[in-house]
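Below: the structure, in structure tokens.
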């Protein structure tokens, strides 16, 4: 049959013309993208169905029980199971903060998107990996792939199905990344039989191709949940590269996103996050646009508080060395917050617990008074941070959307306006202020609410970008830093040569002997033929080469000695260094 199919394709007259623009690598990337889209869709689609079924069963059981306090039973049971996941067969994922310091994360706990970002960069060339004797795609494959995807699947079901508070999207991004990486993981071909030839064509040791697959897995996962493939592809690319998205990778992110989107609509139909009660168009008035700017300012302000609380809560729960106690405390706080809101408002638990989609839908339907919207805003922040910071498997992206939606609902109810006209730009402002994905935010708002909301969403985007401090809620999302830790306690730093060191040499300064540091390079600035300043890197500079003020030394050593060196630079006194007789402590 295979031979007959090949003969049929060989007779197709336009085969060469259609495939000629694509080289072998591009064909392989397209095939990979399609298969990744199918595999990730299957995992995420079944997870969403399982979470919804388990969550509704838990909440229905609590509502039929004699006391709402019994909601603590499934929450605490879920926390026990999550603690077991976190304690046994776990791995640590290293990430860098904005200062370049190395930290680690438990792979199955918390926000999956943070883990996905950290795993995405493991295959990039890095000095610390070279020092450890590892490089390239091998670094990613020393960490779990398919097993991590399955454990995250189960952990998310346990956390959200038992009533934990948080989004589903961040967990599925890690599932998408891990399963995509697992599909490329090396396998023994001697036991594959007829598939051995296909595998030799399929596999790759190119870090760039691995990252393309990882992006595809993430975008397919998000598209399955949100039903917005274009926004999903932009989200995957933007969240990894922040303000420098790569168009070439965007294409291969879009293919699996579209595959997952179409499969979702074919099997069971897509259930959107928000169902609009009616078609509406936003008012085109100066007053409306002015209110959008005010709303964006409030969202940006709330985003700053949310981000600070996110870091503070993580530090607070990090003090619990007992993993069982940590998860139990998080579940208890989440349940207590939800119970308090139910007693105060008389509304259902799902407005606080779960993914938050019920609260977003209520805001769109206009059933939230401004007082309730404000209470839900605070309650959701506390419950979500308690769930995630204690180690529950959930995400922060949909709670971020929830934050902006509650502010929009409160503003709309206070002035008697249509809530839909404010929710759409509020979602954009939230994603810009908290997650730093402006392009995906615009596309998401347009795909969900229609092109009529393009202008309000753009106004919210610009205003939120101005007011926000661009501190990402995801600790692993990095852009640049001058201090780069290569191992805990050892770093590489770039230091500017002071004016007092003009004409001195590394030999006269005796940096290695007196400071115990190694200068591995000098970045010099010279004027080119076009009278523009150009920078060039000189590795392993000679000890007799004179230094120029304003040049940059790339220095490697322990953090303590680097701090001593930095203090000496501030003095700008090379003569005093030459007269020293001992190395500083």
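General observations
- Some residue of the range 261-271 being within 15 Å of the chain's Cα centre (by Cα) and at pLDDT 75 or above: no
- Qualifying position, being out of contact with any strand residue (DSSP E or B) (no Cβ under 9 Å at 6 or more places or on another chain) and crowded, with 23+ Cβ neighbours inside 10 Å, among 397, 376: 376
Results for (1) modelled with pLDDT under 85; (2) touching a strand residue (DSSP E or B) at 6+ places or on another chain (Cβ under 8 Å); (3) closer than 25 Å to residue 42 by Cβ; (4) surrounded by fewer than 17 Cβ atoms within 10 Å (Cβ to Cβ), shown as yes or no for each residue.
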residue	(1), (2), (3), (4)
249	yes, no, yes, no
291	no, no, no, no
310	no, no, no, no
315	no, no, no, yes
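- Members of the range 94-127 found to be modelled with pLDDT under 80 and either in a loop (DSSP other than H, G, I, E, B) or in contact with a helix residue (DSSP H, G or I) (Cβ under 7 Å, 6 or more places away or on another chain) (or both), listed by number: 94, 95, 97, 98, 99, 100, 101, 122, 123, 124, 125, 126
- Enumerated helices (runs of 4 or more DSSP H) restricted to the range 4-90, each holding at least 2 residues that are at pLDDT 85 or above and under 26 Å from residue 394 (Cα atoms): 24-64, 72-87
- Residues being touching a residue at least 40 places away in the same chain (Cβ under 8 Å) and closer than 25 Å to residue 459 by Cβ are entirely absent from the range 344-352.
- If you check 353, 368, 325 for being surrounded by 23 or more Cβ atoms within 10 Å (Cβ to Cβ) and closer than 30 Å to residue 104 by Cβ, only one passes: 353.
- Yes/no for residue 298 being closer than 16 Å to residue 405 by Cα, out of contact with any strand residue (DSSP E or B) (no Cβ under 6 Å at 6 or more places or on another chain) and assigned by TED's automatic domain parsing to the domain that holds residue 395: yes
- For residue 361, the conditions (1) within 27 Å of residue 175 (Cβ to Cβ); (2) touching a helix residue (DSSP H, G or I) at 6+ places or on another chain (Cβ under 9 Å) are fulfilled apart from (2).
- On inspection, residue 334 passes the criterion of being in a helix (DSSP H, G or I), closer than 27 Å to residue 432 by Cα and touching a strand residue (DSSP E or B) at 6+ places or on another chain (Cβ under 7 Å).
- Complete set of residues in the range 133-155 that are under 17 Å from residue 88 (Cβ atoms) and part of a helix (DSSP H, G or I): 147, 148, 150, 151, 152, 153, 154, 155
The values are calculated or read from the model by the stated rules, or taken from the named source; none is laboratory data. Everything quoted here is computed from the prediction, not taken from an experiment. Because the Cβ atoms are built from the backbone with ideal geometry, glycine has one as well, and the counts that use them run over all protein chains shown.
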